Amino acid sequence: VLIPLQTEFFALQGMSKLMDVVEIVKKRINPRLKLGGIVACRMDSRARLSYEVIEDIKKHFPELLYRTRIRQNIKLAEAPSFGKTVIEYAPESNGAADYRDLAAEFLGELPASLPEETAESS
């Protein structure tokens with residue numbers, strides 16, 4: 001299970017409930033279910049709140065937080081209305097770059113577009 005988490009206060013509050021649900025599913029339905037990580041989504045790099053939420057996630061789930069951040073991007077919102085992925089719709093957008101980086105990180109490769117200090121400090 002990968003958990004996309006908006007970098008907003010209420011999304012962070014819902015994490016504990018979601019973790020409870022994951023544990024219930026694991027116990028009752030699928031004992032092999034594993035929490036693969038948390039992906040910070042809809043991050044607004046201009047908002048201090050986004051960084052505060054990420055710091056809170058790091059405190060509670062340091063081993064689960066992916067380094068890649070999915071930045072707020074209008075192309076991510078537009079792509080589904082055209083029946084396309086963001087990579088098909090706007091391959092040069094920040095949203096497409098972020099999801100390519102997430103895929104690389106998920107596969108165990110260092111995302112090329114992540115600055116080194118971000119990759120190491122996150």
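The values are calculated or read from the model by the stated rules, or taken from the named source; none is laboratory data. The model shown is predicted, which means the values in this text are computed figures rather than measured ones. Quick reminder, even Gly has a Cβ in these numbers, built from the backbone with ideal geometry, and neighbours come from all protein chains shown. Remember, those area values only see protein heavy atoms, side chains included, never the ligands or the DNA or RNA. Shrake-Rupley method; radii C 1.70, N 1.55, O 1.52, S 1.80 Å.
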(Q) Could you work out how much longer the chain between Asp56 and Met19 gets when fully extended? Use 0.36 nm per residue separation minus the Cα distance between them, nm to one decimal. (A) 11.8 nm
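Hey, can you find the accessible area per residue of the chain for me, probe 1.4 Å, expressed in square angstrom?
Per residue, the chain has 66 Å² of solvent-accessible surface.
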Q. Quick one: with all protein chains in place, what share of the accessible area of the chain is carbon or sulfur, to the nearest percent (1.4 Å probe)?
A. 56
Q.
Defining a contact as two alpha carbons under 8 Å apart and six or more residues distant in sequence, what relative contact order in percent does segment 47-103 show?
A. 32
**Q.** Solvent exposure ordering (accessible area, 1.4 Å, most first) of Phe10, Phe106, Phe61
**A.** Phe10, Phe106, Phe61
Q: Take the alpha carbon gyration tensor of segment 1-94, find the square roots of its eigenvalues, order them as a ≥ b ≥ c, and report rounded if a/c is under 1.5; if not, report prolate when a/b exceeds b/c, else oblate.
A: oblate
Q | Cross-link reach list, lysines versus Lys26, counting only Cα pairs under 20 Å and skipping chain neighbours closer than eight places | A | Lys17, Lys34
Q: Would you kindly state the longest site-free stretch of the chain, with sites defined as GluC sites (Glu not before Pro) in a DSSP loop (not H, G, I, E, B) surrounded by at most 11 other Cβ atoms within 10 Å?
A: 1-62
Q. Hey, got a sec? Which trypsin sites (Lys or Arg not before Pro) in segment 1-78 land in a DSSP loop and have at most 10 other Cβ atoms within 10 Å?
A. Arg32, Lys34, Arg46
